[in-house]
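What follows is a set of notes on a single structure, which appears directly below.
The values are calculated or read from the model by the stated rules, or taken from the named source; none is laboratory data. Just so it is clear, the model here is predicted, and its values are computed rather than measured. Virtual Cβ from ideal backbone geometry, glycine too; neighbours counted across all protein chains shown.
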Amino acid sequence: MATEYIRNALDTTPNASILSPCSCSTFQSASPSASTALYHLFQKITPANANPPLALIVTYLSAAIICLGLFPFYPLKNGLGAAVRQLNWASVGLEVGFLLAYRSGWNISLAAIVANAAVALILVPLGLLFFKDKVTPINLVGVLVCIVGLVMANLK
């Protein structure tokens with residue numbers, strides 16, 4: 001019973017319920033925002049003299065230990081080998097990128113804004129080319145706002 005309750009609490013699918021009658025949409029919106037804010041805060045306060053590879057090793061080992069504790073709630077359906085083949089490793093670049101950006105002096109108040117706006121601009125053509133995304137006129141206004149925002153954020 002407790003395992004099922006925790007699995008439901010951690011489930012972020014649209015029909016999952018965290019606590020009745022609470023809607024999980026609030027959790028789905030707040031959880032990534034809160035964790036991303038904490039992520040940037042901890043990346044920024046990593047001491048300047050900390051070795052970047054060691055910092056990432058400690059981070060990933062800590063995450064691995066925590067995730068091992070989650071296996072009872074998320075069992076592997078097709079075995080470890082099949083699960084590993086389904087993964088991608090892009091998050092490593094994200095970790096190194098922000099750590100080095102903050103290390104080089106980027107402001108915590110701007111780094112995520114600039115990075116996310118730039119990523120949005122990169123993803124628009126990729127979505128159009130590879131995923132057949134549709135872009136409406138209002139979406140194009142949003143793209144223009146991203147471009148203006150990038151220019152403004154980089155003004156000294």
Notebook entry, point to check: Out of the residues in the range 106-154 that are at pLDDT 85 or above and in a loop (DSSP other than H, G, I, E, B), which is surrounded by the most Cβ atoms within 10 Å (Cβ to Cβ)?
Noted result: 106
Check: Residues of the range 98-147 being within 30 Å of residue 51 (Cα to Cα) and either touching a Cys at 6+ places or on another chain (Cβ under 9 Å) or of a type in the set (S, T, N, Q) (or both), which ones?
Finding: 104, 107, 109, 116, 117, 118
Notebook entry, point to check: Restricting attention to the range 31-47, which residues are small (Gly, Ala, Ser) and either surrounded by 12 or more Cβ atoms within 10 Å (Cβ to Cβ) or modelled with pLDDT of 85 or more (or both)?
Noted result: 31, 37
Notebook entry, point to check: Somewhere in the range 69-78, is a residue assigned to a helix (DSSP H, G or I) and either of a type outside the set (Ser, Thr, Tyr) or at pLDDT below 85 (or both)?
Noted result: no
Check: Checking residue 73 against (1) under 30 Å from residue 118 (Cβ atoms); (2) surrounded by 10 or more Cβ atoms within 10 Å (Cβ to Cβ), which test does it fail?
Finding: (1)
Checklist line | So residue 88, is it exposed (fewer than 11 other Cβ atoms within 10 Å of the Cβ) and in contact (Cβ under 8 Å) with a residue 24 or more places away in the chain | finding: no
Check: From the list 46, 59, which one is out of contact with any Gly (no Cβ under 6 Å at 6 or more places or on another chain) and in a helix (DSSP H, G or I)?
Finding: 59
Next item on the list: For the range 92-105, state whether one or more residues are among the polar types (S, T, N, Q) and either outside any loop (DSSP other than H, G, I, E, B) or farther than 29 Å from residue 153 by Cα (or both).
Entry: no
